[in-house]
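Let me begin by presenting the structure, written as structure tokens, before commenting on it.
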Amino acid sequence: MTDRRTRLKGIRLSTALAMGLALAACGAANDRPESASSKDTSATAVAARRYARDPYPSTYHAYPGVPTVVRNVTIFDGEGARIDNGEALFADGKIVAVGQRVDAPAGATVIDGTGRYLTPGIIDIHSHLGDYPSPAVRANSDGNEATSPVTADVWAEHSVWPQDPGFGRALANGGVTTLQILPGSANLFGGRSVVLKNVYARTTQGMKFPGAPYGLKMACGENPKRVYGAKGREPSTRMGNIAVDRQTWAKARAYDRKWTKYEKEGGDPPDRDIGMDTLRGVLDGEILVHNHCYRADEMANVIDMAKEFGYHVTAFHHAVEAYKIADLLKANGVCAAVWADWYGFKMESFDGIGANLALLQNAGTCAMIHSDDENGIQRLNQEVAKVLSSARHAGIDISDATAWEWLSYNPAKALGIADRTGSLKPGKMADVVLWNGYPFSVYTRPEKVWIDGALLYDANNPKLRPVSDFELGLPGAGDVK
């Protein structure tokens, strides 16, 4: 009996010793540096450690079209060229040829454009359709997350209502084929923008322009200081605006360093911050900055701040005083998106002039028209006509064909999509408008509008008038089907 107890005691001691050694070994393993595999710096390992940059990808599919040739038409190609009595061919969703004469395939739809003008579709770089839709009721007012001066975490696409009747009106009345939807300007960092093709879809993802870079909406000046000054918090002054901006960019740089180190070397991943993800995207050149700003001095301050923190301002929007610093904008590769003649409605917009856009063009600055308005988007061609009138009155001679750059090619450049749309060049998307007359006349309207070669509007065919789901059964709102 004694021998049996002794043997059992020995077995228990051996077991305990073995378990202790195993636990010690486990602890030692935890104290060791990471294995070589966890520090894998290969491209595959780095990619595996990256969080998704586009978790809501485009599901856009072009509507079907047919090979189409337009003949005997005046063409503005969007990059400054004019072709009188010209021809254009598009097929399979792309521009095939533009010139004095083109070879059309057998069976192509042939349109006589005599007395008409053919242009690229208009691109509005600054719109709030969908997130401030019609009807303009509080229940649908989703463009400003005015709860903090820094809301880089919000994405405009998560507010866009695809049934907004404004999309169809912009297409049929304004010839708008692509538009950028931005958050509002209550905040210094308003959130992400999204670029949409102006097509009917059930979801915002079904409208998203494939591969278009995201934008970051920022704002300076009166709006943020008024909104948050009224709440008794910073910012309440212009110096407060810049102070909050700088502090936020400093945090973003630190966030960027942590994530860059982790993606390259591995280890424990930093905590995700959705707003900082957006700012990191800006710092890494993946997301484009679109900055609401009116005064010349403030735009200069923002350019300096961008240099301080290592990012680039793609475009100042509204930019009422841009003409005062056209040379500075050009030197820093910053575009200006402006109105024709909106000014004087608040102090920072007081010093506007009708020739602003023309002076920017003369200085060689990337410049364009924009709407910021659900009605103005339906007549951007007329807004450019106002600019041309002001320019010529001031002795600035800009051709009609050059002015069309303000409506299509320059906005495409500022959105990072000029390699795919914005001009009638072979290989680009067939986003095309046939106008029923001189396009800078108040009497002219789109006659036909194609997006990716699909005829989505025809003034002569009531069945091709866009009507949103919201308007179905409302004849007074345009439901003529």
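The values are calculated or read from the model by the stated rules, or taken from the named source; none is laboratory data. Given the structure is predicted, the values throughout are model-derived calculations rather than measurements. Glycine also receives a Cβ, built like all others from the backbone with ideal geometry; neighbour counts cover every protein chain displayed. These accessible areas exclude ligands, DNA and RNA; they are computed on the full protein's heavy atoms, side chains included. Shrake-Rupley method; radii C 1.70, N 1.55, O 1.52, S 1.80 Å.
Per residue and in cubic angstrom, what volume does the convex hull of the Cα atoms of the stretch 50-144 have?
Taking only Cα atoms, the stretch 50-144 has a hull volume of 209 Å³ per residue.
Using a basic spin-label model with each label point 7 Å from the Cα along Cα→Cβ, how many nm lie between R53 and K463?
4.4 nm
For the stretch 255-326, would you read off the P(r) tail past 20 Å as a percentage of all alpha carbon pairs?
So the portion of pairs separated by more than 20 Å is 43 percent.
Show me the helices of the chain, taken as full DSSP H stretches, that run 27 Å or more along their long axis by Cα and average -1.0 or above in Kyte-Doolittle hydropathy.
2-31
Going by average Cβ neighbours within 10 Å, how do the peptides 40-50, 167-177 rank, with the highest at the top?
On the way: 40-50: 11.5, 167-177: 25.4.
Order by mean packing, descending: 167-177, 40-50.
Give the ranking of F209, F350 by solvent-accessible surface, highest area first, calculated with a 1.4 Å probe.
So, going from the largest accessible area down, we get F350, F209.
Give the shape of the stretch 385-450 as rounded, prolate or oblate, defined through the alpha-carbon gyration tensor: a ≥ b ≥ c are the square roots of its eigenvalues, a/c under 1.5 means rounded, and otherwise the shape is prolate if a/b is larger than b/c and oblate if not.
Working: a/c = 2.80, a/b = 1.36, b/c = 2.06.
Taking the square roots of the gyration eigenvalues as a ≥ b ≥ c, the stretch 385-450 is oblate.
What does the stretch 309-447 give for Rg and for Dmax, in Å, if only its C-alpha atoms count?
15.1, 49
Amide H neighbours of C335 under 5 Å, counting only residues 5+ apart in sequence or on other chains, H built in-plane at 1.01 Å?
Under 5 Å from the amide H of C335 lie the amide H atoms of A315, F316, each far enough along the sequence or on another chain.
Given Cα pairs under 8 Å that are at least 6 residues apart, what percent is the relative contact order of the stretch 334-448?
The normalised contact order for the stretch 334-448 reaches 20 percent.
Please work out the Cα center distance from the stretch 241-263 to the stretch 273-307, rounded to the nearest Å.
12 Å
How large are Rg and Dmax for the chain when calculated on the C-alpha trace, in angstrom?
Expressed in Å, the Cα Rg and Dmax of the chain come to 28.2, 119.
For the chain, what proportion of DSSP beta bridges, expressed in % and rounded to the nearest 5, is antiparallel?
55 percent
With a point put 7 Å past each Cα toward its Cβ, work out how far F309 is from N72 in nm, to one decimal.
A separation of 5.8 nm, rounded to one decimal place.
At a 10 angstrom cut-off on C-beta neighbours, averaged per residue, how do the peptides 400-413, 99-112, 290-303, 71-84 rank from highest to lowest?
400-413, 290-303, 71-84, 99-112
Given Cα pairs under 8 Å that are at least 6 residues apart, what percent is the relative contact order of the chain?
Relative contact order comes out at 19 percent.
So what's the back-of-envelope 222 nm ellipticity for the chain, counting only DSSP H runs of four-plus at -39500 (n - 2.57) apiece and dividing by all residues, rounded to 500?
After summing the helix terms and dividing by residue count, I get -9500 deg cm²/dmol.
³J(HN,Hα) across the stretch 132-140 via Karplus (A = 6.51, B = -1.76, C = 1.60, θ = phi - 60°), whole Hz, x for Gly/Pro?
For the stretch 132-140, the Karplus-derived couplings read 10, x, 9, x, 7, 10, 4, 4, 9 Hz, x marking Gly and Pro.
How big is the stretch 299-376 along each principal axis, measuring the range of its Cα positions in Å and listing the largest first?
Principal-axis extents of the stretch 299-376 (Cα, largest first): 36, 25, 23 Å.
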